[in-house]
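Working notes, beginning with the structure itself.
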């Protein structure tokens, strides 16, 4: 065993450094579900900047130092406060915000979001179930993004108002009627944040023919 280690120490050192790089500096995250439709698709692999907000001891949630604060509209990866599952959602409300939702309409600090219809798309739930998805441009608290609502789905469409406490964040999926987000798992503590998703590295149609989606390679997230 010692001989094997000596003969391969260069490779082993590389793998160790690579592992530390992934757990402390930058990582990639495959998208397994449709909770961020239409902005992220199943089969996208996104680049995650682990130094966007804080420096952690590798392989732990121990924060060594804070580098920046998450902003409304950031797409972030984090560990679920419910069971630790890695999730990717959008920051909708930050500490100090008063946020509520009424019949799908978001309100932050008393300002009701504006919704501009963009059209209707076909949302594939599985091989035999499809639903019309209304896509809208949501303008909320000086931040705009595309979201979608699914026809005939009664999601958790109303909550609050709640005041987001220090070091907590309210996360929502862009696919509002098909996302296990803060409406179900609660507010996300800062120490569970992993990093900010910056762009799509590569993408393949894993729910269809598995062909590469070259038009999504390198796509910046917003």
Q: May I ask you to list the residues of the range 138-181 whose amide nitrogen lies under 18 Å from a point 7 Å from Cα along the Cα→beta-carbon direction of residue 100?
A: 140-141, 156-165, 170
Q) Assuming R0 = 22 Å, what is the FRET efficiency of residue 191 and residue 71, from their Cβ-Cβ distance, to the nearest 0.05? A) 0.75
(Q) What is the distance in Å between the Cα centroid of the range 192-214 and that of the range 49-98? (A) 20 Å
Q. In what sequence do 62, 206 fall when counting other Cβ within 10 Å, fewest first?
A. 62, 206
Q) Which of 33, 179, 128 moves the most in a Gaussian network model of the chain with Cα springs under 10 Å? A) 128
Q | Spherically averaged projected area of the chain from its Cα convex hull (nm²) | A | 15.0 nm²
Q: Based on other C-beta atoms within 10 Å, arrange 149, 210, 28 from fewest to most.
A: 210, 28, 149
Q) For the pair residue 167 and residue 215, how long in nm is the line joining their label points, each one 7 Å along Cα→Cβ? A) 4.5 nm
Q | Computed [θ] at 222 nm, helices only, for the chain once each DSSP H run of length n ≥ 4 contributes -39500 (n - 2.57) | A | -3500 deg cm²/dmol
Q: Enter the angle in degrees (range 0 to 90, nearest 10) between the Cα long axis of helix 9-24 and the first principal axis of the Cα atoms of the chain, meaning the one along which they spread out most.
A: 20 degrees
Q: Sticking with the crude label model, points 7 Å out along Cα→Cβ, report the distance from residue 159 to residue 207 in nm, one decimal please.
A: 2.3 nm
Q: Could you give the spread of the C-alpha atoms of the range 136-188 along their three principal axes, from largest to smallest, in whole angstroms?
A: 35, 25, 16
Q.
What does the extension gain come out to for residue 86 and residue 151, with contour length at 0.36 nm per residue minus their alpha carbon separation?
A. 20.6 nm
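Any read-out appearing in this document is the output of simple, stated calculations on the displayed coordinates, not a laboratory observation. The model shown is predicted, which means the values in this text are computed figures rather than measured ones. Backbone-built Cβ (ideal geometry, glycine too); neighbour counts: all protein chains shown.
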